[in-house]
Every structure is written in C-alpha cells, then in structure tokens.
Amino acid sequence: MRRRITQNLKPGQEGVAVIFAILLMDILLTISLTLSAIFIPKIRVSSDVKSSVGALYAAESGIEWCLYINRVGSTAQPTMSNGATFINGATNAPFIEADCAAFPIKSTGTYRGVTRSFEVNI
C-alpha cells in the first residue's frame with residue numbers, strides 16, 4: 001500500500017521541484033561568485049604587501065651598502081638570499097662604488113615584481 005507522492009499534487013505541478021532546485025542552485029552560484037569577486041583582489045593586495053616589504057629591505061640594503069663604502073671603504077656588493085635586487089635609482093643601472101660618492105643616493109629595490117625606492121641626502 002504505497003502511496004504515490006504525486007497524489008497530492010494538482011495537475012501541472014510535477015516540475016515545480018526541478019524549477020525550485022535550479023533557482024536555489026542559481027542563487028548559491030551567484031552568492032559564491034560575488035564573494036570570490038570581492039575576496040580575490042584582497043588576497044592579491046595582501047600578497048603585494050609582503051612583496052613590498054622585501055622590496056623596501058632591498059632598497060635599504062643598497063643605501064646601507066653605499067653609506068658603508070663612504071665611511072669604511074670598498075666592500076663586496078650584498079646579495080639577498082630571497083632573490084630581491086637593488087639598483088641605482090638615479091641611473092636605473094646596477095650600483096658601482098663610484099655611484100656612492102655623489103649625493104643624493106637613490107636605491108630602488110625589487111622583489112617579486114614590486115618596486116620600492118629610498119633616497120638619502122647627507
């Protein structure tokens with residue numbers, strides 16, 4: 001004596017559950033796409049902040065290297081273990097010791113595509 005579920009439905013209502021399921025999935029998809037559109041750019045910005053710190057330290061290393069050369073004398077150019085680099089910000093070329101004699105000294109550090117600069121004038 002099984003009762004059929006469709007006994008309680010009026011004629012023409014058999015597809016209502018399918019339509020309701022499709023509408024519910026559409027709403028959930030819209031919510032998830034909206035949330036991902038909001039949060040993915042914020043995740044990228046937080047990643048750029050981390051890279052910005054590395055670029056700042058690289059630029060500072062260039063300034064400190066020049067100041068050390070001016071006070072103590074010749075020394076090897078530092079190499080960053082994280083892969084960051086620094087260049088002469090005035091000429092956009094790698095630093096040489098002669099660049100450190102003229103002020104202001106401008107150093108540009110780059111790390112993972114983010115560039116930051118420092119300038120020192122004594």
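The values are calculated or read from the model by the stated rules, or taken from the named source; none is laboratory data. These numbers were taken from a predicted model, which means no experiment stands behind them. Here the Cβ positions follow ideal geometry from the backbone for every residue, glycine too, while neighbour counts run over all protein chains shown.
Can you name the number of the only condition in (1) in a loop (DSSP other than H, G, I, E, B); (2) surrounded by 10 or more Cβ atoms within 10 Å (Cβ to Cβ); (3) among the small types (Gly, Ala, Ser) that residue 59 fails?
Of (1) in a loop (DSSP other than H, G, I, E, B); (2) surrounded by 10 or more Cβ atoms within 10 Å (Cβ to Cβ); (3) among the small types (Gly, Ala, Ser), only one is false for residue 59: (1).
Checking residue 25 against (1) closer than 30 Å to residue 88 by Cα; (2) surrounded by 10 or more Cβ atoms within 10 Å (Cβ to Cβ), which test does it fail?
Among (1) closer than 30 Å to residue 88 by Cα; (2) surrounded by 10 or more Cβ atoms within 10 Å (Cβ to Cβ), residue 25 violates only (1).
Just the residues that are under 11 Å from residue 51 (Cα atoms) and of a type outside the set (A, V, I, L, M, F, W, C), please, taken from segment 102-122. First the steps, then the outcome.
In the first step, residues of segment 102-122 are kept if they are under 11 Å from residue 51 (Cα atoms); the result is 109-116.
If the condition is that a residue be under 11 Å from residue 51 (Cα atoms) and of a type outside the set (A, V, I, L, M, F, W, C), then 109, 110, 111, 112, 113, 115, 116 are the ones that fit.
Suppose the filter is in a helix (DSSP H, G or I) and modelled with pLDDT under 90; does residue 38 pass it?
In short, no.
Working only within segment 62-77, note down all residues that are hydrophobic (A, V, I, L, M, F, W, C) and assigned to a helix (DSSP H, G or I).
The answer is 63, 65, 66, 67, 69.
Given the criteria of a type in the set (Gly, Ala, Ser) and in contact with a strand residue (DSSP E or B) (Cβ under 6 Å, 6 or more places away or on another chain), does residue 84 qualify? Give the steps one after another, and end with the answer.
Details: of a type in the set (Gly, Ala, Ser): yes; in contact with a strand residue (DSSP E or B) (Cβ under 6 Å, 6 or more places away or on another chain): yes.
Yes.
Name the residue, out of 75, 110, that is out of contact with any Asp or Glu (no Cβ under 7 Å at 6 or more places or on another chain) and free of Cβ contacts under 8 Å to residues at least 40 places away in the same chain.
75
So the check is Cβ under 7 Å with 6+ separation or different chains; which pairs have a first residue in segment 30-46 that's without any contact (Cβ under 8 Å) to a residue 60 or more places away in the chain and a second one that's among the polar types (S, T, N, Q)?
none
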